[in-house]
């Protein structure tokens, strides 16, 4: 379906044309008419499906009919990175409309607070904010919510996961009862249903095929000991000049730093991003990666959802995600917008049960690739149930001597 079939404002269509958008994705095709008709909506969709434009475009179409200077639309997001990304898309789609917007998020200095305060005092049409920062502006009577007519909760499940339930309820207590509310979530657990019952009115529902990686993602996994992981990613990246944009996910900030040091020591162009960095530093790291000035970005889970970085060729899970659903979001950073990409996961002997849960979720067995010969043998694929001890093969580690059946899942090892 073409965007010009939605009967959107001409200035929005002009912006879409300039940005190279013509064909709507499934979620856009199914939900934009629903939003334009004024219904509340609860949508379940994974990252990379085009959900941000699905709610921004119809909201901008409605806000364009109102006078400027009074906040009519509010988007609440779990992280500052996502808030910034959404607000940037608002700016792009609203380029010819003259609609004003601002992103409100924490982590900055006093100058940033003052700049945001002044912008709100002048009046903005669209606010995109993290819950905590928005509440601080509301409590100080700076952000005016009394004329808000359109509200979006993006990544609602993630907001609840990190403890924002009470903040969300508090925000909604300041909003007019008569409003259109849209909720987007990658998963639909009972707590999301509970929240929806409190803030939505007779919502329409839409669900795309969640918990499944995009068809363009080529998945593989490597069974390896923890000590083999860094040499393995160095081996995987070496000689692959066609992979110009590589994203590596790690479970801890400490590992991010050690991976970056190891890659730089081998001459790779790499940077790391985690909550240890100041906000401006994080924004600069992301900017460098988007601009292809940095080839390899090593990150904690802060980037696994909501950040729209195009044309990532390779995603590597240095650690198996603790939440099976997060696997889909991590590897969803590649193969976006009908492109193709590669997603590799490194599985040590303690993480086999978690990876088996991922395979159950995606209803597919991921190919276990053999390790490079120079790394020696990895552990056998041997899963033990959770709560009955750690999974994986326990035996002597021979990283140098190659044995028959080397690297193949289930192969016998010679010790």
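The values are calculated or read from the model by the stated rules, or taken from the named source; none is laboratory data. The structure presented is a predicted model; accordingly, all values stated were derived computationally and were not measured. In this analysis, Cβ positions are derived from the backbone assuming ideal geometry, glycine residues included, and neighbour counts consider all displayed protein chains.
Tabulated data for the structure shown
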quantity	calculated
Residues of the range 208-227 that turn out to be modelled with pLDDT of 85 or more and either outside any loop (DSSP other than H, G, I, E, B) or not assigned by TED's automatic domain parsing to the domain that holds residue 355 (or both), as a count	8
Residue list for the range 233-254, restricted to those being in contact with a helix residue (DSSP H, G or I) (Cβ under 9 Å, 6 or more places away or on another chain), surrounded by fewer than 21 Cβ atoms within 10 Å (Cβ to Cβ) and closer than 28 Å to residue 275 by Cβ	234, 237, 243, 251
Residue that is free of Cβ contacts under 8 Å to residues at least 12 places away in the same chain, touching a strand residue (DSSP E or B) at 6+ places or on another chain (Cβ under 7 Å) and either in the same structural domain as residue 112 (by TED's automatic domain parsing) or assigned to a helix (DSSP H, G or I) (or both), where the choices are 254, 264	264
Check on residue 162, farther than 24 Å from residue 35 by Cα and touching a residue at least 60 places away in the same chain (Cβ under 8 Å)	yes
Subset of the range 64-85 [crowded, with 24+ Cβ neighbours inside 10 Å, part of a helix (DSSP H, G or I) and in contact with a strand residue (DSSP E or B) (Cβ under 8 Å, 6 or more places away or on another chain)]	83
Conditions (1) under 26 Å from residue 163 (Cα atoms); (2) outside any loop (DSSP other than H, G, I, E, B); number of the one not met by residue 106	(2)
